[in-house]
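None of the figures in this text is laboratory data; all of them are computed from the coordinates on show. Predicted model only: the values in this text are computed from it and were never measured. Glycine also receives a Cβ, built like all others from the backbone with ideal geometry; neighbour counts cover every protein chain displayed.
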Amino acid sequence: MKNDIIRFIPMGGQAEMGKSMYCFEINEKIFIIDSGFRFPDSDKLGVDVIIPSFTYLEERLDQIVAIIITHGHDDAMAALPYLLQSVNVPIYAPNLTADLIEQMMERFQRHNRVKIAYDLRRVKRNASLDIAGVPVEFFPVTHSIPGSVGVALWTDQGYLVYSGEFIIDFGAPDGFRCDIQKMMEIGKKGVLALLVESSSAKHEGYTSPNHKLTNRIDHIFEDSNERIIISSYAQNVFRTKEIIELTKKYKRQIVFYGRDKYDNTNSLLRIGKKSKEPIIDVPDSLLGQKENIGKPQYDSNYVILLSGSPRRIYHDICDIIDGGDDLLKLRKGDTFIVASPVLPGTEKIANKAHNGLYKTDAHVYLLKNKDLFSMHASEEDIKVIIQIFNPKYYIPMKGEYQHFIFNQHIAEEMGIPSENIIILDNGERITFEKGELVKARDLYEIEDVMIDGIGIGDVGEKVIDDRIQLANDGVVIVGLTISRETKEIIAQTDCQTRGFVYLKDSEYVIKHVIEICENVVGKLKEDPDMEIAEIRSMMKDQSMKYIVKETGKKPVFIGVVVEI
C-alpha cells in the first residue's frame, strides 16, 4: 500500500530569478532544499538582498529534519545565516559547498556580532543516506561551481527528484562531472515527481559548448601584446579555470583582482591552499604580483582577472574607468574582455560600464548573453534529464513564469501529459496521496523579506516609497524654535533642502514655505493646547500643497518644532 502523505511547497525561486528554497514534506517530516537570496529590483532603493519569510517553517519547527544545500552559489545558500536563527537542524552539503558555508557563517557572525550554533554535515556527491528514516540519494551534476548535486528522496510512491542546476557536458573536468549512471539507477526505481530548473529552457539545443569561454577568447589572447583585463563573475568557477588554462597556454601571469575579499574566487583560492585537491590550482610561477599592476615593466604580460558579484563587478569597472582604482588604470594597448554577461537588475550600471570602456584607449570585447550561455539547462539538456528519470509528474522550477511555460512545452514534447505538469508559485502547497496528485492546493503567504545592512525585514514598502521620493524630488526640512511659555517664535526659522530645487532660481519658494510654516505655528498662540504633532502635520499639508502647485515636485517634507 502507498501510505506516505507527500507535500511540496516552494518558499522561493518561483516566478523570480534567485532566492531558491523548496520544502518536501514526507509524513510530516520536512526537508528544506536550498536556502538562497536574490538581488532586489532597481526600485528597491538601498535594499541589499531579499530572502523568503520563514513563518511557514517557524510554525512547524518540530517537523523539520534537514536542510540540504545543492551547491555553493548565493541563490542556493546565502539565506542560511538568517534561516539558522530560527531553524536548528542538520545541514547536509558536499565538501566544497560546506567549506563555503563555513566561511559565510563565520563572516556573518563576525559582521553581525551574533553567535549561531549549526550542525554542518559533509556528504559525498554520490552519497546514499538515511535522514530521519527517509532514504536520500545525492547525484553529481555539472554546473558552473564544482561539487554541485541533485537530490532524490524516496517515498513509497517513488522518488521525489530535485535536479539542482545543471547542464549535460560529458567533457567537464573533475569536480564538475555529472553521474548519469547514478541518475539512471534512481530513474529505474521509479520517480513520482521531477523538479527541473527553467531559467534557460527557451534556449534551443544543448547549453554545451556555448557555455565555454575558451573558444570565444582564445584568439584574443593570441593577438594581445599587452595586458589583458577580463571580468568574470566570481561564482562561475568553471570560467575561472578556463581563464587560468589560457594564461598557462600563452605563458602569461594571472592576478586575481577580486576587489571584494569575500568573493568566491578569493574564497576558493584560500580553501585551495589548505586542500589536498584544490579546486583552483595555480602554481606560484603563474601568479603575478598585485602591487606590480601599473608598472609596465612588470605587468605588460599580466592577465588581470576582475572578479566579483553581479551587482559589484560593473561598479568596479566604472570605478576603474573613472580613475577611482588606486592600482588599475586603463592605458593604451590594454585588452579588456567583458565575460560577465548582463544579468537582470544590472542593466543600467552594465550599460554605463560598456559605454565607458569604449571611451578608453583599450581594445574592448563584449561577450553578450547570446554569445556566452550561463551554465543552466537548455532545451536538450532538459530532455535528457526527463528521459533519464521518466517521472509521472513534472514541476518546472527556478525561473520566471515565461520560463516555466517553455519548460512545460519541453515536457509535453517528451510525452508527459499536460495534466501531470504542475506550475507553482511561491506558497502554493500540493499533496500526493497513493501515487496521485490531490487536485486541491493549499495557499500560504510567503512574503519577501528585505535585508538592508544588518536590518532584517525592517524595511517595508513605506520606507522604499520614501527612498524613491527622496531620489526623485529630494527633501525639504523646516525648523522652528518657540517659547514653551508664550508659544512665540524666538529664533530665525531655518529651511534646508537637498535634491529639491536650485535655490538661486527658487528663493521665493523657500521664503513662502517659511511663511506658511510660521503662520501655522502662530496658531499655537490662539490655542496653546494644540499638540505639536498636529502643528507639524499642518505644516506638512499646507507646505506640500504649495510646493506641488508651484514646482510640480513632491519632496519628502520634515517639519521640526522645538520648544525651549
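Points to keep in mind about this one:
- Residues in region 139-149 carry Karplus couplings, in order, of 9, x, 10, 8, 9, 6, 10, x, x, 6, 9 Hz; the curve used is 6.51 cos²θ - 1.76 cosθ + 1.60 with θ = phi - 60°, and Gly or Pro positions show x.
- Remark: region 102-107, residue by residue, has Karplus-estimated 3J(HN,Hα) of 4, 5, 4, 5, 4, 5 Hz, where x stands for each Gly or Pro and the curve is 6.51 cos²θ - 1.76 cosθ + 1.60 at θ = phi - 60°.
- Globularity ratio of region 110-260, using Cα Rg and 2.2 N^0.38 Å: 1.34
- Relative contact order for the chain: 16 percent, from Cα pairs under 8 Å spaced at least 6 residues apart, divided by residue count.
- Tensor-based shape of the chain (alpha-carbon gyration tensor, a/c under 1.5 rounded, otherwise prolate or oblate): oblate
- Taking amide H as placed 1.01 Å from N in the peptide plane, ILE422 has its amide H under 5 Å from the amide H of TYR394, ILE395, each at least 5 places away in sequence or on another chain.
- Taking region 461-563 and dividing mean pair separation by its residue count, relative contact order in percent (alpha carbons under 8 Å, at least six apart): 40 percent
- Size descriptors for region 289-339: radius of gyration and Dmax over Cα atoms are 11.1, 33 Å.
- Computed from Cα positions, the angle between helix 264-274 and the longest principal axis of the chain comes to roughly 50 degrees.
- Within the shell of other residues whose beta carbon sits under 12 angstrom from the beta carbon of HIS354, the net charge comes to +3, with Lys and Arg scored +1 and Asp and Glu -1.
- Long-range HN-HN contacts of TYR92 with modeled amide H, under 5 Å: ILE67, ILE68, ILE69, ARG121
- Global geometry of region 134-211, whether rounded, prolate or oblate, following the gyration tensor of its Cα atoms and the 1.5 cut on a/c: prolate
- Measuring against 31 Å, Cα to Cα, the residue pairs LYS329/LYS554; LYS202/LYS249; LYS332/LYS370; LYS290/LYS359; LYS182/LYS202; LYS348/LYS553 contain LYS329/LYS554; LYS202/LYS249 as the ones spanning a longer distance.
- Beta-bridge orientation, the chain: approximately 50 percent antiparallel, per DSSP, counting only bridges with both partners inside.
- Residue by residue, region 161-177 carries 3J(HN,Hα) couplings of 10, 10, 5, x, 9, 7, 9, 9, 8, 6, x, 5, x, 4, x, 10, 6 Hz when phi is fed to the Karplus relation 6.51 cos²θ - 1.76 cosθ + 1.60 (θ = phi - 60°); x denotes Gly or Pro.
- Helix 237-249 and the longest principal axis of the Cα set of the chain meet at an angle near 70°.
- Amide H partners (placed H, <5 Å) of THR207, local residues excluded: ILE168, SER378, ASP381
- For SER35, SER208, SER543, the sequence from fewest to most other C-beta atoms within 10 Å is SER208, SER543, SER35.
- Ranked packing of 482-488, 7-13, most packed first, by mean Cβ within 10 Å: 7-13, 482-488
- Helix axis angle, 507-526 relative to the chain longest principal axis, alpha carbon, degrees: 70 degrees
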